[in-house]
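Quick notes on the structure that follows.
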Amino acid sequence: MAYQGKVTGPESLGRILQQARLLNGWSQRELAARIGTTQRYIWEIEAGKPSIYTERLFAVLRETGTELSATIEPRHDDE
């Protein structure tokens, strides 16, 4: 079953990514290990911590009238 959400800024993106992680049954530490980063980095993303990249990205989206949405498709370990 897929879940969809509108991404309006770093905070909503973080919430959607957190839900995707939880649907897959992973802890922040497990996801971090899977992608080769730290648990703190995952926490910062999920918390919607602003960065220059995300601030500029969402400014460009707003200025160009572009909407961003996300679809969560839970993974299976055999994929």
| request: Enumerate the residues in the range 49-74 having an amide nitrogen under 20 Å from the point lying 7 Å beyond the Cα of Ser12 toward its Cβ. | output: 49-73
| remark: With Glu11 itself left out, Lys, Arg at +1 and Asp, Glu at -1 over residues whose Cβ is under 10 Å from its Cβ give +1
| said: Helix-only estimate, please: 222 nm mean residue ellipticity of the chain, summing -39500 (n - 2.57) across DSSP H runs of length 4 or more and dividing by its residues, to the nearest 500. | reply: -16500 deg cm²/dmol
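Only the coordinates and a few stated rules stand behind these numbers; no lab work does. Please read all numbers here as calculations on a predicted model, not as lab measurements. Ideal geometry is used to build each Cβ from the backbone, glycine not excepted, and the neighbour counts take in all protein chains shown.
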